[in-house]
1. Taking only DSSP H segments of four or more residues, each worth -39500 (n - 2.57), what value at 222 nm results for the chain once the sum is divided by all its residues, to the nearest 500 deg cm²/dmol?
2. Compute the distance from the alpha-carbon center of the range 146-161 to that of the range 216-278, in whole Å.
3. Using only the Cα atoms of the range 166-250, what do you get for the radius of gyration and for Dmax, in Å?
4. List the pairs from Lys64/Lys100; Lys101/Lys154; Lys94/Lys222; Lys161/Lys222 whose alpha-carbon separation is above 18 Å, in the order I gave them.
5. For helix 207-218, what angle does its Cα long axis make with the longest principal axis of the chain, in degrees from 0 to 90 and rounded to 10?
6. Rounded, prolate or oblate, given the Cα gyration tensor of the range 134-283, with a/c below 1.5 counting as rounded?
7. Can you give the percent of C-alpha pairs in the range 47-194 whose distance is more than 25 Å?
8. Exposure proxy check: Cys229, Cys125 ranked by fewest other beta carbons within 10 Å?
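All of the numbers you see were taken from the coordinates with simple rules; none came from a lab. Everything numeric here is computed off the predicted structure, so don't read it as measured data. Note that we place each Cβ from the backbone using ideal geometry, even for glycine, and neighbour counts take in every protein chain shown.
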Amino acid sequence: MKVLVTGATGFIGYYVIHELLKRNCGVIATDISTEKAKEKDWYKQADFVEHIIGADADENLDKKFQHPDVMIHLAWQGLPNYKSLFHFEENLSKQYFFLKKIIEGGLNDLTVAGTCFEYGMKNGCLAEDMLPEPTHPYALAKNTLRLFLEELRKILPFHLKWVRLFYLYGKGQSPTSLVAQLDKALENNEAVFNMSGGQQIRDYLPVEEVAANIVSIALQNKITGIINCCSGQPVTVEQLVRTYLAQNNKSIQLNLGYYPYPDYEPMEFWGDAKKLHKAIRQN
């Protein structure tokens, strides 16, 4: 089976490609820079195709990407600035027409990375059948792309799996992320780690598990539509940090309350993982 992965040189893309290779899939990887791809240890095991989304008006994308059986779409520009209008004003249309063009070329199995932010400011356990109420441009653009693709399915039938990612962590993550900042503070032998109050409840998974979930979802088509990619286990941010320190036999004083809580996400939410478990059992 040949699987096309967009956003191949990104944080999640790296782990998704390794998971596909582990499962003996043929990988066609794409991103905007061949030079950056050559730095990845998977480069010689995958077929890399340089491509800029939005600069493909006259290209036969299905042919360019070697007629993939399955596509995992991770690419998305402009992060982590969730509030930028770029997501809605520029990126949304480029993303949609890119995917439409590949589907018109013959692709019939598409998995797309969505976001838990599509649910909006809801507290508690978030299930896939809840009405999305996105409150910032990134979430609005993601949810709108899903709606566009659902309309496209009425004209060009294809399997669509929309994977709503919750929180993840691991090696290679953005240096502005919580665990990456904690690792840097530990590496620098800092005495204190500044963070928020830490009482917000979230749903975290290591990136290796997230990648395995995405691949399991992509390689089956019995369970489709929106699928939460989450642990289903609520944990406070303070608990996450303390557990991470204990697992790595590290210690640092936590300066709780140094940063305010983000205003673009609710205080307490986690995902319902039942549909995810059904998809995983299909493999």
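1. -9500 deg cm²/dmol
2. So the two Cα centres are separated by 29 Å.
3. Rg and Dmax of the range 166-250, Cα atoms, are 15.1, 51 Å.
4. Details: Lys64/Lys100 15 Å; Lys101/Lys154 15 Å; Lys94/Lys222 29 Å; Lys161/Lys222 10 Å.
The pairs that break the limit, which is 18 Å between Cα atoms, are Lys94/Lys222.
5. 30 degrees
6. Values: a/c = 2.60, a/b = 1.89, b/c = 1.37.
Cα axes put the range 134-283 in the prolate bin.
7. Values: 4370 of 10878 pairs.
Here the long-distance tail beyond 25 Å is 40 percent of all Cα pairs in the range 47-194.
8. Working: Cys229 26, Cys125 17.
Neighbour counts put them in this order, fewest first: Cys125, Cys229.
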